[in-house]
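Undergrad: Here's a structure for you.
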Amino acid sequence: MVDEVVRELAAKIRDVPDFPRKGILFKDITTLLKDPQAFRTAIDRMTAPFRDQPVDVVAGIESRGFIFATPMAYQLGAAFVPIRKAGRLPAETLRVEYELEYGTSVLEIHRDAITPGQRVLLVDDLLATAGTVRAAIDLIERLGGQLLGLCFLIELTFLRGRERLSEYPLVSIIQY
């Protein structure tokens, strides 16, 4: 059962039809972000399940994942590590190419971003098919990070991304 707070957060998210291409119903979080109380509540709800865990690093996936991962890292007293699209990190990187619904893409992380044994929480705004998340997990694990969990503001349950991530603890606040 969805609680009232989650219903209120979901009501702040705008649906944009046919973006970025025809047939996609885009979940626009900017309408939630411009409401200070809703943004604060979203961060608090996303952080709560991990408060008693020994999180060393919160990794955020470009770009909307940064919006949530950074304040979560602050609240957890952890480091923040960006996982970015190709060519956007200035130092030596580790990269992975992965499949999207409509092509391929590349993610990168600095080679010195995570040290072996560090406990990592991976954060993004939305879980869909899990392709991007799987690529980010690959980068974290190749650096020796121990993935403590995955956290998303939104989960599109009909795309069944959670099933591709069943070996990891997963938290999502709003499900569609």
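The values are calculated or read from the model by the stated rules, or taken from the named source; none is laboratory data. Computed from a prediction, not measured in an experiment: that's the story for all the values here. As a convention, Cβ positions derive from the backbone with ideal geometry for all residues, glycine included, and neighbour counts pool all protein chains shown. Side chains are part of the model used for accessible areas, which takes the heavy atoms of the whole protein and leaves out ligands, DNA and RNA. Shrake-Rupley method; radii C 1.70, N 1.55, O 1.52, S 1.80 Å.
Undergrad: Scan 88, 64, 95, 21 and give me the residue that is within 17 Å of the chain's Cα centre (by Cα) and either of a type in the set (A, V, I, L, M, F, W, C) or closer than 24 Å to residue 130 by Cβ (or both). Step through it out loud before you land on a result.
TA: Details: 88 fails: within 17 Å of the chain's Cα centre (by Cα); 95 fails: within 17 Å of the chain's Cα centre (by Cα); 21 fails: within 17 Å of the chain's Cα centre (by Cα).
Only one candidate qualifies: 64.
Undergrad: Looking at segment 46-117, what strands (runs of 3 or more DSSP E) fall wholly within it and have at least 3 residues that are open to solvent by 50 Å² or more (accessible area, probe 1.4 Å) and modelled with pLDDT of 95 or more? It would help to see each step written out before you state the result.
TA: Values: elements: 57-61, 79-85, 93-100, 103-110.
So the answer is 79-85.
Undergrad: So residue 19 passes all but one of these: (1) modelled with pLDDT of 95 or more; (2) in a loop (DSSP other than H, G, I, E, B). Which condition number does it fail?
TA: Of (1) modelled with pLDDT of 95 or more; (2) in a loop (DSSP other than H, G, I, E, B), only one is false for residue 19: (1).
Undergrad: A further question follows. Do you know which residues across segment 90-137 are in contact with a Lys or Arg (Cβ under 6 Å, 6 or more places away or on another chain) and among the small types (Gly, Ala, Ser)?
TA: 130
Undergrad: For the condition charged (D, E, K, R) and touching a residue at least 60 places away in the same chain (Cβ under 8 Å), what is the one hit in 51, 64?
TA: Values: 51 fails: touching a residue at least 60 places away in the same chain (Cβ under 8 Å).
64 is the lone residue from the list that is charged (D, E, K, R) and touching a residue at least 60 places away in the same chain (Cβ under 8 Å).
Undergrad: A further question follows. Within segment 126-147, how many residues are part of a strand (DSSP E or B) and either out of contact with any helix residue (DSSP H, G or I) (no Cβ under 7 Å at 6 or more places or on another chain) or of a type in the set (Gly, Ala, Ser) (or both)?
TA: Step one: list which residues in segment 126-147 are part of a strand (DSSP E or B), which gives 126-127, 146-147.
Filter again for either out of contact with any helix residue (DSSP H, G or I) (no Cβ under 7 Å at 6 or more places or on another chain) or of a type in the set (Gly, Ala, Ser) (or both), leaving 126, 146.
Final tally of qualifying residues: 2.
Undergrad: Cβ contacts < 8 Å: first residue under 17 Å from residue 100 (Cα atoms), restricted to segment 134-145; second residue part of a loop (DSSP other than H, G, I, E, B) and at pLDDT 95 or above, any location; separation 6+ or different chain. Result?
TA: Partner pairs satisfying both residue conditions: 137/168.
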